[in-house]
Structure formats: C-alpha cells, structure tokens
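Chemist: Once you've had a glance at the structure underneath, I'll fire off some questions.
The values are calculated or read from the model by the stated rules, or taken from the named source; none is laboratory data. Bear in mind that the values here come from a model prediction, so they are computed numbers and not experimental data. Cβ: placed from backbone, ideal geometry, glycine included. Neighbour counts: every protein chain shown.
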Amino acid sequence: MIVWPTADGFLLVTQSTHALLAFQLAEHWGNRRTPRPAPRAEVLAAVLLHDAGWDHWDQHPGWHPGQGPLGFETWPLGQERERLWQETLAHAAQRGRYVEYLVGHHVLHLAETYSPQRHQAFSLQLREHLQRLREQLQKEPRFRQIFTTDQDQVNRHVLRVVDALAIFLLRPPAPWKIPEVPFKDGPGFLTLAPAGPNLWRLHPWPFVGSRLTVRVEARFLPTAHVPTEAWLQLPRVSLGFTLLKLGKAE
C-alpha cells in the first residue's frame, strides 16, 4: 500500500495499482536515445506483475489504530515479507521463465536493499535460482541474444526505473534524480522536477513522443479512524499524471 497524505485525508494506492502505473510508463519507453525493452511482451508482463504478491496482502493491509493504513515500507516485515515475495515470484512464473527471471531480479534487489542481513538466506537461494533460469534461457534461440548483448541489463533497469518513477509520481517528492537509467550511450540519471499540479518535467526524455499522461485509481480515506475491513468500500478517486519533455510547452 502506498499512502499519500492530502490536505483532507489520505489517498491509498495498492501495490498492483502502482504496478499498473509502472506498466503504462514501460509501454511507452524507448526512443532514438533510449533503448526499448525486448522481448516486449515478457518485459511488460514483468513490470505489471512485479508486485503481484501484494494482491492478497492488500486485501487486509496493516493498520495502526488512530494512524490508519501502514505503507509498504513498514509492513509486512521479516518472514511475512518473504512469503509476499514468494507469492510474487509464483505469479510471474506462471507467465514464463523470463518473466520470472526479471521479477526475480527485482525481488532480489529489494531483499538485498531492505534489511539485507534479515533476508540473507532468502537472497542466496533466490540468486541460485535465477542463475539456473539464466542457464536455461541462454540455451534457447529466442532468449540467447539478450544475454550476449546488453539487452537483459536494459530490461532489468527499465523495470527498476519505471517502478521508482511510479512511486515518485504517487508520493510527490522534491526534484529527484533516478540513477541507472539505460540510455544508448550508457547509463545515466533521469531528472524529475515538478512543473504544476500532477505535472512533471523529465530530462533526458525516455519515452515515445514528447508528452505522456498516465492514469490510475486510488481510494480516498477522509480519516484514519476506519476499520481495516471497511477500506475496500472507500470511494475511488481517479489520478492522472502528465510528464513533459524538457522544453515542451504545457
């Protein structure tokens, strides 16, 4: 759950809704300067499914009496978090080995970034599993080329960048730089700066065209004093975000 405080309450965005936002960004990713994801179907599927394990958990989110829902940073923790990751990997595996491989690298990054000592055994087991998947995929003509070039690295970075960008849009930060963005002349930073209400300028521009609008739905929570089981009945709110190429008129 992503919790977005507003002047009169909170906007609540499930992790799968966040993934839909990332999917829309990945769907338009690529231009003469920015390499496109390939194979496209598998990469887009991985972006859409990279938080799929949350579907079950977001039905019954963590809730603090008097403070409301807990964000993904603080809940769940420990072995519960690992079970959530396992559910995510299981969803991805049903769509194909390269989808599982990409989502697995996303999960591995999370495990090694947040409380790495706590998830050390999990990370080691997952890393070995991903190596076996890679060895299998390298034997198949359809996937062999992405490993002999830098395409696999591009795909993994695209997933990570659109994930980060989707979070930034849903929890507006100060001007931010996203690292490890794949450009054709090498990795660089993507600068994200506010230009108005739900309006952002990006540089360098990584998408098709010079303007992109993406939309998702959130739930509006007017007060923290709502029973956990009632949150699914909260009213829905449509959110739209417009991204502009630097120098493009609003």
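Chemist: Any idea which residue in the range 109-122 is surrounded by the most Cβ atoms within 10 Å (Cβ to Cβ), counting only those that are assigned to a helix (DSSP H, G or I) and in contact (Cβ under 8 Å) with a residue 12 or more places away in the chain?
Modeler: Ala111
Chemist: Further, regarding this structure: Does the range 12-25 include one or more residues that are under 17 Å from the mean Cα position of the chain (by Cα) and over 23 Å from Leu232 (Cβ atoms)?
Modeler: Looking for residues that are under 17 Å from the mean Cα position of the chain (by Cα) and over 23 Å from Leu232 (Cβ atoms), one finds at least one in the range 12-25, hence yes.
Chemist: To continue, here is another question. Scan the strands (runs of 3 or more DSSP E) fully inside the range 168-210 and keep the ones with 1 or more residues being over 21 Å from Val3 (Cα atoms) and at pLDDT below 90.
Modeler: Filter on the range 168-210 gives 176-181, 188-196.
Chemist: Continuing with the same structure: If we scan the range 230-241, do we find a residue that is under 30 Å from Val99 (Cβ atoms), among the hydroxyl-bearing types (Ser, Thr, Tyr) and modelled with pLDDT of 95 or more?
Modeler: For the range 230-241, residues under 30 Å from Val99 (Cβ atoms), among the hydroxyl-bearing types (Ser, Thr, Tyr) and modelled with pLDDT of 95 or more: present.
Chemist: Which residues, taken from the range 39-51, are touching an Asp or Glu at 6+ places or on another chain (Cβ under 7 Å) and either modelled with pLDDT under 85 or hydrophobic (A, V, I, L, M, F, W, C) (or both)?
Modeler: If the condition is that a residue be touching an Asp or Glu at 6+ places or on another chain (Cβ under 7 Å) and either modelled with pLDDT under 85 or hydrophobic (A, V, I, L, M, F, W, C) (or both), then Leu44 is the only one that fits.
Chemist: Considering only residues that are free of Cβ contacts under 8 Å to residues at least 24 places away in the same chain, under 30 Å from Asn31 (Cα atoms) and in a helix (DSSP H, G or I), which ones fall in the range 132-142?
Modeler: Selection gives Pro141 alone.
Chemist: OK, next. Return yes or no: is Glu128 out of contact with any strand residue (DSSP E or B) (no Cβ under 6 Å at 6 or more places or on another chain) and surrounded by 16 or more Cβ atoms within 10 Å (Cβ to Cβ)?
Modeler: Judged against the criteria, Glu128 is not a match.
Conditions (1) of a type in the set (A, V, I, L, M); (2) free of Cβ contacts under 8 Å to residues at least 12 places away in the same chain; (3) assigned to a loop (DSSP other than H, G, I, E, B), marked per residue:
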| residue | (1), (2), (3) |
| --- | --- |
| Leu124 | yes, yes, no |
| Leu130 | yes, no, no |
| Arg144 | no, yes, no |
| Gln153 | no, no, no |
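Chemist: I need the full set of residues from the range 29-67 which are in a helix (DSSP H, G or I), touching a residue at least 12 places away in the same chain (Cβ under 8 Å) and either in contact with a Gly (Cβ under 8 Å, 6 or more places away or on another chain) or within 18 Å of His106 (Cα to Cα) (or both), in order please.
Modeler: Matches in the range 29-67: Glu42, Val43, Leu44, Ala45, Ala46, Val47, Leu48, Leu49, Trp54, Asp55.
Chemist: While we're looking at this one, here's another question. Of the residues Pro35, Pro65, Pro5, Pro39, which is buried (at least 19 other Cβ atoms within 10 Å of the Cβ) and out of contact with any His (no Cβ under 7 Å at 6 or more places or on another chain)?
Modeler: None of the others qualify; the one that does is Pro35.
Chemist: While we're here: List pairs: first residue in the range 76-89 and closer than 16 Å to Pro116 by Cα and modelled with pLDDT under 95, second residue outside any helix (DSSP H, G or I) and hydroxyl-bearing (Ser, Thr, Tyr) anywhere in the structure, Cβ distance under 9 angstrom, at least six positions apart or on different chains.
Modeler: Leu77/Ser115; Gly78/Ser115; Arg81/Tyr114; Arg81/Ser115
Chemist: I'm checking my understanding of the structure. Among residues of the range 68-99 that are in a helix (DSSP H, G or I) and of a type in the set (Lys, Arg), which one is surrounded by the most Cβ atoms within 10 Å (Cβ to Cβ)?
Modeler: Arg81
Chemist: Here's a follow-up. Answer yes if at least one residue in the range 12-27 is closer than 22 Å to Phe143 by Cα and surrounded by fewer than 20 Cβ atoms within 10 Å (Cβ to Cβ), and no otherwise.
Modeler: Yes.
Chemist: Filter the range 1-41 down to the residues that are of a type in the set (Ser, Thr, Tyr) and out of contact with any helix residue (DSSP H, G or I) (no Cβ under 8 Å at 6 or more places or on another chain) and list them by number.
Modeler: Thr6, Thr17, Thr34
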